[in-house]
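> To start, I am sharing the structure in question, which I have written as structure tokens.
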Amino acid sequence: MAEYRERASRLDRAVVWSRTMPAVAGPVTVLPDGCMDLIWTEGTLMVAGPDSRAFLAPAARAREFVGVRFAPGTAPTLLGIPAVELLNRRVDLAQIAPSRVARELVDGIDNAPDRVAALEAVALRFAAENGPVDPALTAVADALSAGATVAETAAHTSMSARALHRHCLFAFGYGPKMLARILRFQRALVALRAGIPAAQTAAVTGFADQAHLSREVRDLAGCTVGTLRNR
């Protein structure tokens, strides 16, 4: 049986996580959440870009995974690459950082007694070298996550519609409307898994009605509301 753990990171607006897989494991569905991850697994360090739809990670021979999940809008500054270039992609860190640096980082985590702490230290190093994150970008994510409209978010951050779209492509990988959809989907996911009925979930998380919720779940998660609740 797979074992998953996570905790708040020493890096602001991030969590660190670990997953141990059984010897025989099938593919894993990753739902879109607006986040990006830095992931280590047995000799590999990769960046998981933002997803615009459910991502089916194929069955892997590796059994141990460690990651840092960056809150929406923060990873591109820390890693030095626009999120739109990584949309729906998983890439080796060597494609982003110099290959020598990437190999040194992988070797350090491979040989660390505490791989979670070692990967977290890598993320803190990137933040020290490339940060800080523009607070306007986190303000966009916070506003949309709280249910603000795109127009309200633009006004709150004093951006024009064009500037907001441009900043969102860099920070999140897609425009503000798509980000709003994904963050609303995540609010619904929390409610559904807390046992709130679908109709009530739709009403309290910003959907027009239950049918609208069902369509969005089908589009973003590739399944029904019932399947999503129980997955």
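The values are calculated or read from the model by the stated rules, or taken from the named source; none is laboratory data. None of the values given here were measured: they were computed from a predicted structure. All Cβ positions, glycine included, derive from the backbone under ideal geometry; neighbour counts span all protein chains shown. These accessible areas exclude ligands, DNA and RNA; they are computed on the full protein's heavy atoms, side chains included. Shrake-Rupley method; radii C 1.70, N 1.55, O 1.52, S 1.80 Å.
> Give me, ordered by chain and number, the residues 5 or more places off residue 87 or on other chains with an amide H under 5 Å from its own placed amide H.
none
> With bins 5 Å wide starting at 0, give me the P(r) of the chain over every alpha carbon pair, in whole percents.
Reading the bins upward from 0: 1, 7, 13, 17, 18, 17, 13, 8, 4, 1, 0.
> Can you pull the Kirkwood radius for region 101-164, inverse mean 1/r over Cα pairs, to one decimal in Å?
Hydrodynamic radius (Kirkwood, Cα only) of region 101-164 equals 14.4 Å.
> For the chain, with only Lys/Arg (+1) and Asp/Glu (-1) charged at the beta-carbon, what is the dipole magnitude about the Cα centre, in debye rounded to 20? Before the final figure, lay out the partial values.
Numbers: 26 positive and 22 negative charges, 113 e Å.
My answer is approximately 540 debye.
> Related question: Return the whole-Å distance between the Cα centroid of region 76-99 and the Cα centroid of region 1-66.
16
> Once the convex hull of the alpha carbons of region 192-231 is built, what does its volume come to per residue, in cubic angstrom?
58
> Where the eigenvalues come from the Cα gyration tensor of region 35-144, what are the semi-axes √(5λ) of the equivalent ellipsoid, largest first, in whole Å? Don't skip to the end; give the middle numbers.
Numbers: eigenvalues 104, 60, 31 Å².
The answer is 23, 17, 13 Å, longest axis first.
> Below 8 Å between Cα atoms, with a sequence gap of 6+, how large is the relative contact order for the chain in percent?
It comes to 19 percent, rounded to a whole number.
> Got a sec? What order do 3, 129 fall in by accessible area at 1.4 Å, biggest, i.e. largest, first?
Values: 3 80, 129 115 Å².
Accessible-area ranking of 3, 129, largest first: 129, 3.
> As I understand it, the dipole of region 60-193 uses +1 on the Cβ of Lys and Arg and -1 on the Cβ of Asp and Glu, about the Cα centre. Which of 190, 119, 140 lies farthest toward its positive end?
Positive-end residue among those listed: 190.
> Largest first, how would 174, 4 line up by accessible area (1.4 Å probe)?
4, 174
> Additional query: Give me Rg/Rg_expected for region 17-78, where Rg uses Cα atoms only and Rg_expected = 2.2 N^0.38 Å with N residues. Before the final figure, lay out the partial values.
Working: Rg = 12.1 Å, N = 62, 2.2 N^0.38 = 10.6 Å.
Rounded to two decimals, the normalised Rg is 1.14.
> Could you look at region 36-136 and say what percent of its accessible area is carbon and sulfur, using a 1.4 Å probe and all protein chains?
53
> Between 58, 225, 130, whose Cα lies farthest towards the positive end of the dipole of the chain when Lys and Arg beta carbons carry +1 and Asp and Glu beta carbons carry -1, centred on the Cα centre?
Working it through, the farthest residue towards the positive pole turns out to be 225.
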